[in-house]
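In what follows, a structure is listed as structure tokens, so that the remarks can point back to it.
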Amino acid sequence: MTLDFNSTGDDNPLRIFVSAKKEINELFSKAEKFVKNVDEFYRSYDESMFEQNNMTFIDNSMEKIAGIRDVLARNNMKVAFFGRTSNGKSTVINAILQNKILPAGIGHTTNCFLQVEGTDETEPFIVLENQRHNIESVKHLANALNTESLGDSTLVKVYWPKSKCSILHDDVVLVDSPGTDVTANLDKWIDLYCLDADVFVLVSNAESTLMQTEKNFFIKVKEKLSKPNIFILNNRWDASAHELDSLDLVRKQHLKRDKDFLVNDMGVLDEDTAQNHVFFVSAIEVLRARL
Ligand SMILES: Nc1nc2c(ncn2[C@@H]2O[C@H](COP(=O)(O)OP(=O)(O)OP(=O)(O)O)[C@@H](O)[C@H]2O)c(=O)[nH]1
Ligand SMILES: [Mg+2]
């Protein structure tokens, strides 16, 4: 099956994901009601009439279902982007959104968490500590973020008109982060922003290699989430493309290291599937082409 992300019909993969999530949510809602009924039934009699194992089984089931329901409660798909400073996380998100929404540039640019989601309103706005601020453009967003002395674990929600960006119609939420190398708050980040993410994207720099700081961050994520769904983007591939002689070799080298990380260090994928989780991209070129 070919996946057409530009499709506006029901075959759009993001729409399929969101509607599948809604259906699963309904199933767990029913399962929760069922287990509650059984629990009430048992409790309406003298508990000593039943084996303790049965009661424990019911309690455990209720706990498990509640946990799964929490994760499924959101009907959107949350995609979180991580990687070292300047690897191009914000540019990748802008390329996906086909708009220069997030500030991007050399040096350490993103200084807090930025969550982009769609709004039915016609003008963009941001919400910071429950306060709404109107913004006209990315320049205003950058200024607004710079004038506030935000901690690197702060979340700013960016609401961008769905009418200006097709991907936001499909309840996708994209989360940009500061570089994993510039913070002492990795544990806090994981608790605040990773536990409910559906997909993680590690934006790596194809001009160098996957760094230990990036790997360590995801190894920490894995300690809390049993099987994070991770994709690796080897960004800045345009720069490598100048070295035509060694291009194939460099690609193979990156692929080997990335697969090794996903399969052996993380243990989240097998060899064959890992191959489909590694990409070589030039966010800047895609963004330019899409503007
Ligand atoms: N050549 C090239 N430059 C890129 C590419 N993607 C991003 N850049 C440039 O790299 C610089 C950093 O990009 P950002 O998107 O701000 O990087 P970031 O990972 O968000 O950085 P922080 O916010 O500081 O963590 C910018 O000057 C981008 O124009 C790419 O694919 N190729
Ligand atoms: Mg950034």
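Would you mention how many residues in the range 27-52 are charged (D, E, K, R) and within 12 Å of Ile68 (Cα to Cα)?
Of the residues in the range 27-52, 1 are charged (D, E, K, R) and within 12 Å of Ile68 (Cα to Cα).
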- Query: Considering only helices (runs of 4 or more DSSP H) fully contained in the range 192-270, which possess at least 1 residues that are open to solvent by 40 Å² or more (accessible area, probe 1.4 Å), free of Cβ contacts under 8 Å to residues at least 40 places away in the same chain and out of contact with any strand residue (DSSP E or B) (no Cβ under 7 Å at 6 or more places or on another chain)?
  - Reply: 212-224, 247-260
- Message: So for the range 91-108 (the condition being free of Cβ contacts under 8 Å to residues at least 24 places away in the same chain and touching a Gly at 6+ places or on another chain (Cβ under 9 Å)), does at least one residue qualify?
- Response: yes
- Select from the range 132-182 the residues that are of a type in the set (Ser, Thr, Tyr) and modelled with pLDDT of 85 or more and list them in ascending order. Ser153, Thr154, Tyr159, Ser163, Ser177, Thr180
- Query: Looking at the range 13-109, what helices (runs of 4 or more DSSP H) fall wholly within it and have at least 3 residues that are aromatic (Phe, Trp, Tyr)?
  - Reply: 13-43
- Message: Being open to solvent by 70 Å² or more (accessible area, probe 1.4 Å), among the β-branched types (Val, Ile, Thr) and modelled with pLDDT of 85 or more: is that true of Thr110 here?
- Response: no
- Task: Provide a single number: the residues in the range 44-100 that are more than 14 Å from ligand 2 (Cβ to nearest atom), of a type in the set (Ser, Thr, Tyr) and open to solvent by less than 70 Å² (accessible area, probe 1.4 Å).
- Result: 2
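The values are calculated or read from the model by the stated rules, or taken from the named source; none is laboratory data. Here the structure is a predicted model, which means the values were calculated and not measured. Please note: Cβ atoms are built from the backbone with ideal geometry, for glycine as well, and neighbour counts cover all protein chains shown. SASA here: full protein model, heavy atoms, side chains in, ligands and nucleic acids out. Shrake-Rupley method; radii C 1.70, N 1.55, O 1.52, S 1.80 Å.
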